[in-house]
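In what follows, a single structure is set out as structure tokens and then discussed.
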Amino acid sequence: MFSVTPDFNTDVNVHEHTMVLRKVREKKIEEMKSRTSASLIPESMKHVEEDEEHKTTARNLKELGQQRLTMEERKKRRRALDNLGIPSFEKFLADKNASLKKREIEILQLNIGLYCNQACNHCHVESSPRRKEMMSKEVAQRCIELLDKSPSIKTVDLTGGAPELNDQFRYLVSEATARKKEVIDRCNLTVLTEPGQEDLVDFLVKHKVRIIASLPCYSLKNVDTQRGSGVFEKSIHGLMKLNQAGYGADGSGLMLDLIYNPLGGFLPPEQKALEAKYKTELSNNFGIVFNSLFTLSNMPIKRFADFLYRRGELQEYMDLLVRNFNLATVDGLMCTNLVSVGYDGKMYDCDFNQQLALGMNLTKSSSPTVFDVQSLEELKGLAVVADSHCFGCTAGNGSSCQGATTA
Ligand code: SF4
Ligand code: SF4
């Protein structure tokens with residue numbers, strides 16, 4: 001069982017304090033190694049095979065196919081909103097004199113594959129070790145070509161699945177950083193201790209990749225409940241490895257941010273206050289430091305939508321999202337300055353639309369790919385494809401890939 005380390009709050013100066021933390025982490029990593037060095041994949045496969053939610057999703061997928069399943073899910077959300085007397089998201093925005101249009105594209109987000117060493121219950125992309133879809137070299141090269149042709153892009157944001165386990169991950173990181181772009185790795189932390197990934201931290205340091213990592217709580221019970229047995233301890237080990245390499249330390253230039261999402265059908269708490277709590281808990285209990293915490297709402301799609309529906313809570317959750325609609329979130333929505341590309345090269349306004357197969361609104365094609373445009377700058381001014389799930393981004397303080405969209 002994971003033991004909590006003593007209180008690290010000391011009155012020594014910052015340098016000494018940092019040295020103390022380093023030593024404590026070193027010791028802790030050694031202690032943990034025997035428990036965290038095995039791959040998580042067999043445990044995740046077992047979970048996929050035995051967990052009722054995963055079994056139902058697999059059965060439905062087999063019976064209905066992905067397209068019908070997505071349509072059925074959409075109908076359920078629409079029905080819930082009809083029962084509440086809520087119009088479409090677009091009409092709802094129009095009634096408030098708002099709309100969603102693409103501004104200058106600054107972020108190229110690549111979902112490079114659905115393979116993951118974990119199989120989290122609320123995963124909005126339904127990843128697991130069973131998913132084998134991965135981006136090809138041809139698509140990856142085209143994304144780099146578009147990067148060259150689209151100077152407005154400042155950031156390449158790599159997601160998955162576990163992006164690091166994808167064949168094109170290191171190619172994309174190397175090419176994008178060579179072009180002086182900020183590169184984000186959306187890391188699940190447990191990948192850092194997967195066998196075969198021993199050199200991953202060094203690779204990330206070398207390219208100064210910014211890590212944005214999921215950690216839905218600072219307690220073992222809550223993390224393992226949402227993300228699977230053994231995930232918390234492996235995540236803590238991963239964070240310690242990153243800290244030892246300089247990630248999260250002031251002045252290192254190695255950014256480490258964490259992501260919180262609620263464990264059920266409720267909205268995240270205020271971001272700054274939760275960040276302070278995380279910093280205290282992780283520092284006091286494990287000697288872990290990080291830069292910022294981002295809070296994300298759970299989107300009512302895929303596994304989370306199924307979970308709510310089976311519990312008869314989908315309408316209640318949609319009601320919560322609509323009641324907490326916040327007009328101030330709209331300007332900061334990620335779909336306005338981001339293009340999301342799937343492993344197969346198809347383009348979307350955001351990763352959620354990607355999972356719902358809602359392609360971008362390009363007149364020449366209903367499911368445009370990276371081969372249909374010459375530059376991502378062509379997309380400026382395009383209307384964003386919105387639907388009922390978008391209420392998940394505009395509730396409370398807002399929700400985007402970089403957390404709340406309002407202060
Ligand atoms: S780690 Fe992320 S991508 Fe993998 S199953 Fe969990 S939520 Fe999905
Ligand atoms: S889900 Fe969110 S980010 Fe995606 S199109 Fe809707 S509002 Fe925009």
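The values are calculated or read from the model by the stated rules, or taken from the named source; none is laboratory data. Being a predicted model, the structure only gives us computed values, none of them experimental. FYI the Cβ positions are ideal-geometry reconstructions off the backbone, even for glycines, and counts take in every protein chain you see.
Within segment 97-121, which residues are within 16 Å of ligand 2 (Cβ to nearest atom), touching a Gly at 6+ places or on another chain (Cβ under 9 Å) and either without any contact (Cβ under 8 Å) to a residue 40 or more places away in the chain or assigned to a loop (DSSP other than H, G, I, E, B) (or both)?
Lys102, Arg103
Which one of the conditions (1) of a type in the set (Asp, Glu); (2) closer than 30 Å to Glu49 by Cβ; (3) at pLDDT 95 or above; (4) within 16 Å of ligand 2 (Cβ to nearest atom) does Glu164 fail to meet, given that it meets all the rest?
Condition not satisfied by Glu164: (4).
In the set Pro269, Pro300, which member is within 24 Å of Asn121 (Cβ to Cβ), touching a strand residue (DSSP E or B) at 6+ places or on another chain (Cβ under 8 Å) and modelled with pLDDT under 95?
Values: Pro300 fails: touching a strand residue (DSSP E or B) at 6+ places or on another chain (Cβ under 8 Å).
Just one listed residue meets the conditions, Pro269.
So, of the residues in segment 11-51 that are in contact (Cβ under 8 Å) with a residue 40 or more places away in the chain and outside any helix (DSSP H, G or I), which turns out to be nearest to Ser128 (Cα to Cα)?
The extreme case among them is Leu40.
Of (1) under 20 Å from Phe325 (Cα atoms); (2) free of Cβ contacts under 8 Å to residues at least 60 places away in the same chain, Ser252 satisfies all except one. Which?
That leaves (1) as the condition not met.
Regarding Pro151, is this residue at pLDDT 95 or above and under 29 Å from Leu189 (Cβ atoms)?
Spelling it out, it is not the case that Pro151 is at pLDDT 95 or above and under 29 Å from Leu189 (Cβ atoms).
Are any residues in segment 365-383 within 16 Å of ligand 2 (Cβ to nearest atom) and either crowded, with 23+ Cβ neighbours inside 10 Å or in a strand (DSSP E or B) (or both), and if so, which ones?
Passing the criteria: only Ala383.
Residues that are in contact (Cβ under 8 Å) with a residue 40 or more places away in the chain, of a type in the set (Ser, Thr, Tyr) and not in a helix (DSSP H, G or I): does segment 297-318 have at least one?
Yes.
Taking the options Glu275, Glu281, name whichever one is of a type outside the set (Lys, Arg), under 23 Å from Asp157 (Cα atoms) and part of a helix (DSSP H, G or I). Before you say what the answer is, go through the steps one by one.
Values: Glu281 fails: under 23 Å from Asp157 (Cα atoms).
Of Glu275, Glu281, the one residue that is of a type outside the set (Lys, Arg), under 23 Å from Asp157 (Cα atoms) and part of a helix (DSSP H, G or I) is Glu275.
Can you confirm whether segment 52-74 contains a residue that is of a type outside the set (A, V, I, L, M, F, W, C), at pLDDT 95 or above, within 16 Å of ligand 2 (Cβ to nearest atom) and not in a strand (DSSP E or B)? Step through it out loud before you land on a result.
In the first step, residues of segment 52-74 are kept if they are of a type outside the set (A, V, I, L, M, F, W, C); the result is 52-57, 59-60, 62-63, 65-68, 70, 72-74.
The next check asks that each one be at pLDDT 95 or above; those that pass are none.
No, segment 52-74 contains no residue that is of a type outside the set (A, V, I, L, M, F, W, C), at pLDDT 95 or above, within 16 Å of ligand 2 (Cβ to nearest atom) and not in a strand (DSSP E or B).
Could you list, in sequence order, all residues of segment 272-297 that are touching a strand residue (DSSP E or B) at 6+ places or on another chain (Cβ under 8 Å), within 23 Å of Glu233 (Cα to Cα) and small (Gly, Ala, Ser)?
Ser292
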